Structure formats: C-alpha cells, structure tokens
Amino acid sequence: MNSQVSDAERVQALLAEVFQVPQEDITPDLAFGDLPQWDSLGHMEMMIRLEEQFGVEVSADTIAELVSIPAILTYLENNSHSQAA
Amino acid sequence: MSDTTHAGLTIEITPGVAIPAHLVGEVQSKLAYVDERIRAAEVAPSGDRITLQVQAEEDTPQLQAELDEKVQRVIDTMVKGAFKPKIQVLEDHLQRPTPYNQDPMQELVARGEVSQEATGMFSLGPLVTRLIDYFEDQFLGLADAFDANPYRFPTLIPAKYLERVNYFSAFPHSLSFVTHLREDLDVIDEFAQHAACDQHGLNTPPDSFAQVQALLSPAVCYHLYFSLADQPLPNGRLAATAVGSCFRYEAINLASLERLWNFTMREVIFVGPKDYVLKNRENARQHMSQVLEETGLAYRVESANDPFFIGEFRKQAAFQSAFQLKFEIRARLPFEDSTLAVGSYNYHQDFFGRHLNISLPDGSPAHTGCVAFGLERIAFAFLAQYGLDVRDWPASVREAVHG
C-alpha cells in the first residue's frame, strides 16, 4: 500500500473519530470550519491526536497551518518518522 | 508539609509534573477556585512548589490529601501535553520613562479618591473619574476614526445567550448570577421580616430565590452579536462602540483597582468579512499607539489568551496563541515590577457568526473582532506610573483633566 494513501486514510479515520461523524463526511479537501465540530476545541483535539498517532511534533506555528486535510498530509509527508499502516 | 500560623495553615504541595514558566501565572490564578478554604496561593517561579494559605483550625491528613488531589488535578489538566505559546510582541514601550514608582492605592484611599465597598468593588472620586473621562475621550476618538455607531446595552445578560456561545464551559469560574425572590407571598414576607447579613453574607435560604435566568454581563461586545443573531448582517459590515459595566468573579485574585469584580469596559467592535475585521483591528492598534504615546503610558502589546477555566484552558489558549487571536496592551506597574493588561485587540474568527447565525451577503458566517479597554485599569496603571500630583503628568493629560 502506498504510504501517502495510507496516511490519507488514517487522517480521514482520525478526523471522523475526533469529530464523531461518519468517515464519508470527511472529504479529501475538508478544512477548518467545514464541519461544526472542526472548531477551536475540535482543532486542538485533532492536533493532540496527530501527535499521538503519527509521532509528529505539533508546535504553535504548525497549529495554525494544519487547517485542511491537504495541509495535514503535506506536513505528515515532510515530518513523519513512522509508522506505515 | 504544613505549618500552623495565627492566620491559618501554610501547606506546601509538590506538583506531580513541573509547571513550565509560561504556565506559572495561569496555574496560580486557577488555584483560587480549588477550595473555599484557600486564602492565598503561590506557585514558585521555578514551577516545582506550590504554597497555599488555608483557613482551617487544624492540619489533618484528610485536609492535606483533599487539597493535594485537587491541586494535582488542576496541574494535570493544564500542564500535561500543553503547547508552548508563541509570544509575539507588536509594540514595546515598557521602558518609556515615567516619574512614579509607588503603589498609588494608599494615597488614593487617603485622599478619598478610592473607596472600597467590598472585595472587588470600589467607588471612585473626582480625580480618577476625570482621568477615566480623559481616556474615554481617546477611545471615543478611536471609535470616530471608524465611524463606529454608538450602542447601549443592558448590564444583565440572559443565561440562554451565554449558553449559546459556550460561555459556561469556557469561563464557569468567573460567572456572576442574578436572581430574585420567588413570586410567592410567603417567601417575600419571610424575607422582609428576617433578611439579615452575617459575616458570610445574606442569611436567606437558597430555595427563596427564583431559578437563574440572567447573569451580570461579562463583556460588552456579546450584546451586539446577540442583537445581530439569526439574520443577514445589514450592509455586510458594521463598526460599533459601547461602554458598559462588566463582571468577572475572581475570588482571592481580586485586588485593588488591578482586578475588580465590577469594572467598566469600552469596546470598539467590528463585524464583517475576515479581511475587514483584521484590517480594522490592526488600524485600531496603530491609532492607539499614537494615543498612548501622547498619554505617556509605558506599555507593551503582546500576544495573550483569555482566562479559560481548567477544562478548556490547554486547548483554547493554544488555539488563540497559534492563530494570534488576542493581543493585550500591558502597562507597566513600576511599584511591583510587573505589567497589567489594560486593553486588548481581539479577533474571534467566525465563532460568533457561526454560533449565532450572523451571515454575510454571500451566505458565509460573519467574522468579528473587538478592541477593548478596562477603564479603571488604565487609570490605575497611569496613576502607578505618574502618581497623583498632576504637575508630574504629561501636558496633554494634565490639560484635559485639569484645564
């Protein structure tokens, strides 16, 4: 399995779990504010889960950058040390 | 570890995890809400020791255990996994020379300029009132620069409004509730005949009071957002200004004019598209930079976060920091080598637009922002820097206040 595809699936699954919505609601280009649950608290919960599940470090700078699934995937591609599914 | 003194007990607690420097003040402020028996709380600057002054007759293992468990819960919730904030300084005039370095409160009280009614409640005399009027003139000048429409809002705010913007979960500790006697002849007669105050307050049984429907308002701008709710924003953008009494209960943190339960806030508020709100917030900062230079205030503008309660603090504070949503004007208090927030530049993204269904012409939720000033605080900070002798004041302030 391609690791990029794998990360995309894992991110979609993670967001579905954090925002408590069906995975089909997590579209590939979903961004901050597109779901009511992706608000400030939802965003920060997602940041914490990204750290835990992907082993990446999320800083104050990156919190404001990771505001869409494409941005998250790019960040993971450049920073992940892990953990292919 | 504990010591008994005539004032109560001193209890020291070692945090389970060291409190980082950027959270020392935040954790210390929250310890005020841990237990009613705590009369003072201090976190060592190193973050590895907490000292509590506790009102209790005797030290017991149970008391120690109760306090330790609650304090550790605060620390765990606020500190574990906390993101380090990015501090951004937009202006730094902290070293602007000022002539005074005493705590002005003693002289203010001696001259009858400040009179304490109760904890966190003060009456102000003519000099302080005129000084506040001077600052109000500056803030009204700021509002005029944006053609901001004037508004007046009630001091009460409906509970259902605050619930709608998640205020209860974000700031439960600072709420001030309003009630009245139940509409029941027996209850009212009973109150009229027996109401009395002891050292703890009014002796009335709690079931004499009606269910809470309103609170004392914690902020001015909320009223504007509620008045715009559930409809398209007329003209797609709005600048407004209002002044009002605000209420934030801060327990043992209430102190002098620095931290009041009942204070006055002037706000200039922007509602509209993101770019409009952010541009005006920045324009307001630049306008106020000139005003504060004329006023001679020593201050710094730096990123900050709202005082969220323990449960939401870690996430909300980090979010505000990361997205640069809040900047505070922090004035120098020379007598204690610290700073005091006297105003703030705030951007709420589309939080209120979404939660209150305020829509722009394209159907998207409106963005909001506000520039807010604490009137008592800015007067106090000025007096802490310049003293009460008007001859030492900058000419522009002296002439405006004294003619």
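The values are calculated or read from the model by the stated rules, or taken from the named source; none is laboratory data. Just so it is clear, the structure is predicted and the values come from calculations on it, not from any experiment. So basically every Cβ, Gly included, is an ideal-geometry build from the backbone, and we count neighbours across all protein chains shown. The protein model used for the area step is the full one, side chains on, heavy atoms only, and it has no ligands, DNA or RNA in it. Shrake-Rupley method; radii C 1.70, N 1.55, O 1.52, S 1.80 Å.
Return the pair list, or none, for Cβ contacts closer than 6 Å from residues in the stretch B:263-290 that are assigned to a strand (DSSP E or B) to residues that are open to solvent by 30 Å² or more (accessible area, probe 1.4 Å), at least 6 apart or on different chains.
Here the result reads B:264/B:245; B:266/B:243; B:272/B:237, each pair linking the stretch B:263-290 to a residue that is open to solvent by 30 Å² or more (accessible area, probe 1.4 Å).
Identify, please: which residue in the stretch B:204-222 is assigned to a loop (DSSP other than H, G, I, E, B) and open to solvent by 40 Å² or more (accessible area, probe 1.4 Å) and is, among those, nearest to residue B:369 (Cα to Cα)?
Among them, the one singled out is B:213.
Give the residue, chosen from B:327, B:335, that is under 30 Å from residue B:104 (Cβ atoms), open to solvent by 20 Å² or more (accessible area, probe 1.4 Å) and either in a strand (DSSP E or B) or aromatic (Phe, Trp, Tyr) (or both).
Criteria check complete, one pass: B:335.
How about the stretch B:77-101: which of its residues are over 24 Å from the mean Cα position of the chain (by Cα) and within 10 Å of chain A (Cβ to nearest Cβ)?
B:81
Looking at A:39, A:34, which is the one that is facing another protein chain (nearest Cβ under 10 Å), out of contact with any Cys (no Cβ under 8 Å at 6 or more places or on another chain) and open to solvent by 20 Å² or more (accessible area, probe 1.4 Å)?
Going through A:39, A:34 in turn, just one is facing another protein chain (nearest Cβ under 10 Å), out of contact with any Cys (no Cβ under 8 Å at 6 or more places or on another chain) and open to solvent by 20 Å² or more (accessible area, probe 1.4 Å): A:39.
Given the condition farther than 21 Å from residue B:330 by Cα, crowded, with 19+ Cβ neighbours inside 10 Å and either touching a Leu at 6+ places or on another chain (Cβ under 9 Å) or not small (Gly, Ala, Ser) (or both), answer yes or no: does some residue in the stretch B:84-105 qualify?
No.
Output the residues belonging to the stretch B:171-201 that are under 30 Å from residue B:307 (Cα atoms) and at pLDDT below 95.
B:199, B:200, B:201
Tell me, yes or no, whether the stretch B:292-311 has at least one residue that is surrounded by fewer than 19 Cβ atoms within 10 Å (Cβ to Cβ), within 14 Å of chain A (Cβ to nearest Cβ) and among the polar types (S, T, N, Q).
Yes, the stretch B:292-311 has at least one match.
Looking at the stretch B:352-373 only, could you name the residues that are open to solvent by 10 Å² or more (accessible area, probe 1.4 Å) and more than 18 Å from residue B:167 (Cβ to Cβ)?
If the condition is that a residue be open to solvent by 10 Å² or more (accessible area, probe 1.4 Å) and more than 18 Å from residue B:167 (Cβ to Cβ), then B:359, B:360, B:361, B:362, B:363, B:364, B:365, B:367 are the ones that fit.
Among the residues of the stretch A:57-76, which ones are modelled with pLDDT under 90 and either part of a loop (DSSP other than H, G, I, E, B) or open to solvent by 40 Å² or more (accessible area, probe 1.4 Å) (or both)?
If the condition is that a residue be modelled with pLDDT under 90 and either part of a loop (DSSP other than H, G, I, E, B) or open to solvent by 40 Å² or more (accessible area, probe 1.4 Å) (or both), then A:57, A:58, A:59, A:61 are the ones that fit.
Exactly one condition in (1) within 20 Å of residue A:44 (Cα to Cα); (2) in contact (Cβ under 8 Å) with a residue 12 or more places away in the chain; (3) within 14 Å of another protein chain (Cβ to nearest Cβ) is false for residue B:319; which is it?
For residue B:319, the failing item is (2).
Take the residues of the stretch B:223-240 that are aliphatic (A, V, I, L, M) and closer than 21 Å to residue B:156 by Cβ: which is surrounded by the fewest Cβ atoms within 10 Å (Cβ to Cβ)?
B:229
Please indicate, with yes or no, whether at least one residue in the stretch B:33-54 is without any contact (Cβ under 8 Å) to a residue 60 or more places away in the chain, among the polar types (S, T, N, Q) and in a helix (DSSP H, G or I).
There is no residue in the stretch B:33-54 that is without any contact (Cβ under 8 Å) to a residue 60 or more places away in the chain, among the polar types (S, T, N, Q) and in a helix (DSSP H, G or I).
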